[in-house]
Amino acid sequence: MDTKIVFPEFKATALEDIPRLASNARGQFRTHKTKNLQWRAVQLRKLYWALEDYKPQLVAALKSDLGKSSFEAMFTEVDWVKKDCMFMLEHLENFAKDEKLGSPAVPPTYSLMKFRVRKEPMGTVLIIGPYNYPVQLLLAPMVGAIGAGCTAVIKPSELTPASAMVIKEMIETRLDSSAFSVVNGSIPETNALMNEKWDKVFFTGSAQVGSIIAKKAAETLTPVVLELGGKNPAFITKNCSNLALAARRLLWGKTHNAGQVCMSQNYVLIDKEIAQTFIGFLKDAYKDAFPQGAKNSPDLSRIVNKRHFQRIKKMIDESQGQIVMGGEMDEDDLYIEPTAVLVNSVEDSMMQEESFGPIFAIYPVNTLDEALNIANLVHKTPLSLFSFGSKAENDRILNEMTSGGATLNDSFFHGSVNTVPFGGVGDSGWGAYRGKASFDAFTHFRTIAETPGWADRLIRVRYMPYDWSQYKL
Ligand code: NAD
């Protein structure tokens, strides 16, 4: 793969252009051309082939922005969105067709009238992306918007400038540029975008910024999907069927994209009696994953920038716990070694923030009751939850703690399949997408009733003067 590709210098979109871009997208929606399924299918095919053609630039951009390996760049970004395009193309007609309503939704009295749900595009939408998966987390929602028949403006993260510039060129040259455009920039540009009227805003990022977006959207009663983060717990009990496998899988959760994954575990609550054995297995898994050391591995991504490097470093530096794996850091290389810290307090710095990096806490507990108390104290509605216990224990954990999604016996597999619904709950997000849910996220479900003239024989009771004898109380 050619990594010597030169990227255009990052350039924020001029603030004065933003109202025009939003108004163009709105105007194009009003032409009704996006309601044509053929048009949507052409745009999805164009996106598919654009991703194929821009593969070298995208892979190189992800390397430049995040030190992402070509394996992860292809598997979790470029191919991921291509698969989304294929899935949407394959099911588009089915998703978009009217849903006829009969019994039990329509009671027998009304059964001779026609009811259906028409799938209407929401309109013109804004999609705002984060930095950790600059391609996937911007373009996968866009697949839903295209499939549903919306026009869109998309805003990549400014923290991954090479990817942002490649995406801008790719989308604006290969798709219908009157319907889709890319605004590059940071807070001022996002604010300018949020000053426009949208029919839906789809935001992926931190809870802090999600709250700013939701507040602003509320001023114009704009619906939002929020895909946010959280402090995700993993539970390991004495009944875990394979502790070595649990260690390998949880290490994967924190080494993939250098742990810059919203759904990976922040901390592991483990039965005291098996904690040391687990740490031993973790070290074995580490050696298997990085035979030449993590720093020399071609597979391990880097931290996106110095600000985030310092943020993660501070969590480790301020911890009262004991580093039991990793701990090495190199700011010039934005390298943080996959690190596990043994802690014994929820006040520990490792437990206070979402780590969003290759580090996690191991917190030994005496009982499952204690584990559940701690997890519910740390974050009541995390994005993910992982449980490695007996069936009864896993069920109890699912019952007594909520989360956006959950995986039993593994790290974030519930979010690793691009066609199953994914989303948060409470303060880890509102709404879901992926697979059919992506289509639904940008669709208005419009109920249509059709009542033939002769139906008055059945429903004349509605007309005044009312026949009060029916409801005499
Ligand atoms: P972020 O919230 O800092 O930025 C997201 C987007 O918002 C960017 O495009 C950015 O330009 C914009 N933005 C930043 N500050 C803003 C402000 N003050 N006003 C308006 N817009 C602003 O998020 P990030 O650092 O890029 O991503 C990391 C966070 O995203 C983590 O919390 C992670 O858990 C979360 N995340 C969630 C998911 C999910 O699917 N639930 C996926 C990836 C990341």
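With n ≥ 4 as the cut-off for DSSP H runs, can you work out [θ] at 222 nm for the chain, using -39500 (n - 2.57) per run divided by the number of residues, rounded to the nearest 500?
Value at 222 nm, helices only: -12000 deg cm²/dmol.
Only counting other Cβ atoms within 10 Å, I'd like Leu159, Leu62, Leu385, Leu377 sorted with the fewest neighbours first.
The fewest-first ordering by Cβ neighbours comes to Leu377, Leu159, Leu385, Leu62.
In square nanometres, what is the average projected area of the Cα convex hull of the range 207-285?
Average of the hull's projected areas for the range 207-285 equals 6.8 nm².
Take the cross-link list Lys114/Lys200; Lys97/Lys472; Lys68/Lys238 and give me the ones stretching past 32 Å between alpha-carbons.
Cα-Cα > 32 Å for Lys97/Lys472; Lys68/Lys238; rest within.
With a Förster radius of 22 Å, plug the Cβ-Cβ distance of Asn399 and Glu370 into 1/(1 + (r/R0)^6) and report the FRET value to the nearest 0.05.
It comes out at approximately 0.85.
On a 18 Å Cα-Cα criterion, which of the cross-link pairs Lys33/Lys55; Lys63/Lys306; Lys4/Lys295 come out too long?
Lys33/Lys55; Lys4/Lys295
Cα to Cα, under 16 Å, and not fewer than 8 places away if on the same chain: which lysines meet these conditions relative to Lys380?
Those lysines meeting the cut-off are Lys231.
Treat every Asp and Glu Cβ in the range 350-473 as -1 and every Lys and Arg Cβ as +1, leave all other atoms uncharged, and give the resulting dipole magnitude about the Cα centre to the nearest 20 debye.
800
Pairs of Cα atoms under 8 Å, at least six residues apart: use those to get the relative contact order of the range 202-280, whole percent.
Normalised by residue count, the contact order of the range 202-280 is 32 percent.
Enumerate the lysines that Lys197 could reach by cross-link, defined here as Cα to Cα under 16 Å, with residues fewer than 8 away along the same chain left out.
Within reach: Lys155, Lys215, Lys216.
In terms of modelled amide H atoms, which long-range or inter-chain residues lie less than 5 Å from the amide H of Val225?
Residues meeting the amide H criterion: Val201, Phe202, Phe203.
Just to be sure I understand the model, the point goes 7 Å from the Cα along the line to the Cβ. What's the resulting Glu172 to Asp467 distance in nm?
For Glu172 paired with Asp467, the spin-label model returns 6.6 nm.
Can you run the Rg to Rh ratio on the chain? Use alpha carbon positions and the Kirkwood inverse-distance Rh.
1.04
Would you kindly state how much longer the chain becomes between Thr277 and Lys100 on full extension, computed as 0.36 nm times their sequence separation minus their alpha carbon distance, in nm to one decimal?
Stretched out fully, the Thr277 to Lys100 stretch lengthens by 58.0 nm.
As an exercise, identify the trypsin sites (Lys or Arg not before Pro) in the range 77-142 lying in DSSP coil whose Cβ has no more than 16 other Cβ atoms within 10 Å.
Qualifying residues, ordered by number: Lys97.
How would you rank 455-462, 275-282, highest first, on the average number of other Cβ atoms within 10 Å across their residues?
So the order, starting with the most tightly packed, is 275-282, 455-462.
Work out the charge dipole of the range 197-299 with +1 on the Cβ of Lys and Arg and -1 on the Cβ of Asp and Glu about the Cα centre, then indicate which of Gln265, Val201, Ile212 is farthest towards its positive end.
Ile212
Once fully extended, how much extra length lies between Asp79 and Asn409, figured as 0.36 nm per residue of separation less the alpha-carbon to alpha-carbon distance?
116.2 nm
Arrange the following residues from fewest to most other Cβ atoms within 10 Å of their Cβ: Asp84, Asp348.
Asp348, Asp84
With an 8 Å cut-off on Cα pairs and a minimum separation of 6 or more residues, tell me the relative contact order of the chain in percent.
Relative CO of the chain lands at 18 percent.
Can you sort His32, His91 by how many other beta carbons sit within 10 Å, fewest first?
His32, His91
Can you pull a Stokes-Einstein diffusion coefficient for the range 398-444 at 25 °C (0.890 mPa s), Rh from Kirkwood over Cα pairs, as a whole number of µm²/s?
For these conditions, the coefficient is 212 µm²/s.
All of the numbers you see were taken from the coordinates with simple rules; none came from a lab. These figures come from a predicted structure and were not determined experimentally. Cβ atoms come from the backbone with ideal geometry, glycine included; neighbour counts cover every protein chain shown.
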